[in-house]
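Written below as structure tokens is the structure these notes are about.
Rule-based calculations on the coordinates, nothing more; no lab input. Being a predicted model, the structure only gives us computed values, none of them experimental. For neighbour counting, all protein chains shown are included, and Cβ atoms are generated from backbone atoms with ideal geometry for every residue, glycine included.
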Amino acid sequence: MAIFRNIQMSFWTDPKIADDFTPEDRYLYLYLITNPHTNLCGCYEISLKQISDETGYTKDRIEKLLERLERDHRTIVFSPETREVLLVNWHKYNWTTSEKLRVPLYKEIKSVKNVDFKAFLENIYNGIDTVSIPYRYGSDTTVSVSVSDNISNSVNKKKKVYGVYKHIRLTETEYETLISEYGEYETLYAIRYLDEYIEMKGIKYKSHYLAMRKWVYEAAEKERKKHGDRRVETKQDEEQRNAELDEHIRRVEAGEYDAEDEELHRLFDSIKVSDMP
């Protein structure tokens, strides 16, 4: 968690803040975007008692001010059920294009308890052009999210190719995010499934990352249950194989057994052409 929050000087000259916000509105909104409970994704848990203790306002007054910020100013949404505050415009000023940001950011989004808040943040994270803000007062508001406002648009230039047929393109962070959430073996299996599917069908996807999240993992799992597991090699498997190979080569060089040993040939045969120097 950051030990400080930056507030742009334009905050005080913004027409909405200057004309529509009362002094109490400004104070509570500043508190909500700078208090020590804030996090990376802009949605965090906080109780009315905590706000009361840290601002000096009564609970009744806080409830009225939260309602004003949500209903009249459309800057926050508060969930009494999960005790979470969603800062509607947080992503515009606090999410960056840093590759290192995506994994911890997504972990925070996945930990959000309110399903509407989580869906709102996931859509922005995944680069959806229009998202619906889950306000409690009145109908939901749909807003356009500028490409420059979310962090997903910067990664398309740095995609790596995966799969035997080289159809799958993922950024390093997308790949790491999938492994972190689904597991390495499941991700490699899903990549192979989608790679073969595209090769057979000739279908194109704008985002292989989203395709995998939406349906590929589930489809790959169904295939595994129906037809049996088709083994894929994980990084750990590769490291273990290489360690075994090094050990067998050492034993051959030491004269502990000859190079015709079947186990040694099995290891040599398992080496891919791409592994050779």
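Normalised by the number of residues in segment 156-227, the mean separation of alpha-carbon contacts (under 8 Å, six or more apart) gives a relative contact order of 29 percent. Give the cross-link partners of Lys201 among the lysines, using a straight C-alpha distance below 28 Å as the criterion and excluding same-chain residues fewer than 8 apart. The reachable lysines, counting only those whose Cα sits under 28 Å from Lys201, are Lys157, Lys158, Lys159, Lys160, Lys166, Lys214, Lys222, Lys225, Lys226, Lys272.
Extension gain, Lys110-Arg5: 0.36 nm per intervening residue step, less the Cα-Cα distance, totals 35.5 nm.
Evaluating 6.51 cos²θ - 1.76 cosθ + 1.60 at θ = phi - 60° for every residue in segment 173-180, the Karplus couplings come out as 6, 4, 4, 5, 5, 5, 5, 4 Hz, glycine and proline recorded as x.
Counted residue by residue at 0.36 nm each, then reduced by the alpha carbon distance between them, the extension gain from Thr34 to Lys214 reaches 61.3 nm.
Each peptide in 159-172, 14-27 receives the mean, over its residues, of other Cβ atoms within 10 Å, and ordering these scores from highest gives 159-172, 14-27.
Placing a pseudo-label 7 Å from each Cα along the Cα-to-Cβ vector at Glu63 and Asp20 gives an inter-label distance of 2.5 nm. Identify, among Ile17, Asn114, Ser79, the residue whose Cα sits farthest towards the positive end of the charge dipole of segment 17-116, taking +1 on the Cβ of Lys and Arg and -1 on the Cβ of Asp and Glu, with the dipole about the Cα centre. Farthest towards the positive end: Asn114.
Scaling the Cα radius of gyration of segment 156-227 by the globular reference 2.2 N^0.38 Å produces a ratio of 1.02.
Set the Förster radius R0 to 45 Å, insert the Cβ-Cβ distance between Trp12 and Lys166 as r into 1/(1 + (r/R0)^6), and round the FRET efficiency to 0.05.
Working: r = 53 Å, r/R0 = 1.18.
After rounding to 0.05, the efficiency reads 0.25.
Considering only the Cα atoms of segment 17-102, their convex hull presents on average a projected area of 6.1 nm². For the pair Glu176 and Asp72 in one chain, pulling the backbone fully straight at 0.36 nm per residue adds 33.4 nm over the alpha carbon distance.
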